[in-house]
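Read the structure below first, then the notes.
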Amino acid sequence: MLRRTAAAAFTAIEGFLDRLVCVLGAVVCAQAPEFFQQYLQRLGGHLDEAMLQLASFEQAAQAAGKPWAQFVADTLGNPDAGLARLGATMRDTASRVDELAAAQTALLHASAWSRPWAFLAHLDATIAQATAAIFKPAVPTTVEGAIYAGIGVAVAFGLWHFLIRLPLRHVLAPRHPANPARDTARA
């Protein structure tokens with residue numbers, strides 16, 4: 001009796017749950033383009049700041065009358081530990097500019113299909129965490145937003161259907177006691 005009541009209740013709300021899962025999947029996945037946009041803005045700010053710092057180091061190299069690579073090598077090799085550390089900072093800043101520029105280029109030129117992979121390939125965890133900390137959800141009205149929403153519907157509905165709905169139907173399905181007379185009549 002309890003099984004039948006639970007099955008009837010599940011059947012009554014099943015259509016609503018189907019729709020709810022699809023809407024939630026669409027809304028959640030449609031946030032990806034907005035997150036990528038906000039991440040790109042933050043990435044661009046980091047790149048701009050690193051480029052300003054690198055430009056000041058390059059100006060110091062010019063003022064010393066040395067090519068950039070030589071200036072960094074001389075500073076790295078300086079017996080004064082503070083100046084040697086400055087050389088490491090200059091080298092690291094140049095590398096950081098290259099990394100950030102590559103990440104920005106990859107994300108800007110990625111298609112809607114390849115953007116998640118470009119994002120993961122060039123992920124800067126610090127920038128991603130900072131983006132997530134102040135992320136503001138939005139309703140994307142772009143083709144990319146629609147694509148991600150569609151993917152969200154498909155994934156959410158597939159997970160709901162195969163991991164929850166079908167197992168629940170199996171558990172709540174009425175069980176018929178074995179009826180040898182009926183089984184013999186069918187044979």
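The values are calculated or read from the model by the stated rules, or taken from the named source; none is laboratory data. A quick note: this is a predicted structure, and the numbers were derived from the prediction, not measured. As a convention, Cβ positions derive from the backbone with ideal geometry for all residues, glycine included, and neighbour counts pool all protein chains shown. Accessible surface is based on the protein model in full, side chains and every heavy atom, while ligands, DNA and RNA are left aside. Shrake-Rupley method; radii C 1.70, N 1.55, O 1.52, S 1.80 Å.
The table below lists the values:
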quantity	calculated
Residues (part of a loop (DSSP other than H, G, I, E, B) and either surrounded by 12 or more Cβ atoms within 10 Å (Cβ to Cβ) or in contact (Cβ under 8 Å) with a residue 40 or more places away in the chain (or both)) located in the range 113-122	S114, H122
Selection from the range 137-150 of residues that are part of a helix (DSSP H, G or I) and farther than 15 Å from R19 by Cα	V143, E144, G145, A146, I147, Y148
Qualifying residue in the range 30-51 (condition: over 30 Å from K136 (Cβ atoms), modelled with pLDDT of 95 or more and in contact with a helix residue (DSSP H, G or I) (Cβ under 9 Å, 6 or more places away or on another chain))	no
Matching residues in the range 150-170 - criterion: being over 21 Å from the mean Cα position of the chain (by Cα) and either aromatic (F, W, Y) or within 15 Å of G15 (Cβ to Cβ) (or both)	W160, H161, F162, I164, R165, L168, R169
Subset of the range 123-144 (residues that are open to solvent by less than 70 Å² (accessible area, probe 1.4 Å) and at pLDDT below 80)	P140
Residues satisfying the stated conditions in the range 90-112, i.e. surrounded by fewer than 13 Cβ atoms within 10 Å (Cβ to Cβ) and β-branched (V, I, T)	T105
Test result for A138, among the hydrophobic types (A, V, I, L, M, F, W, C) and touching an Asp or Glu at 6+ places or on another chain (Cβ under 9 Å)	yes
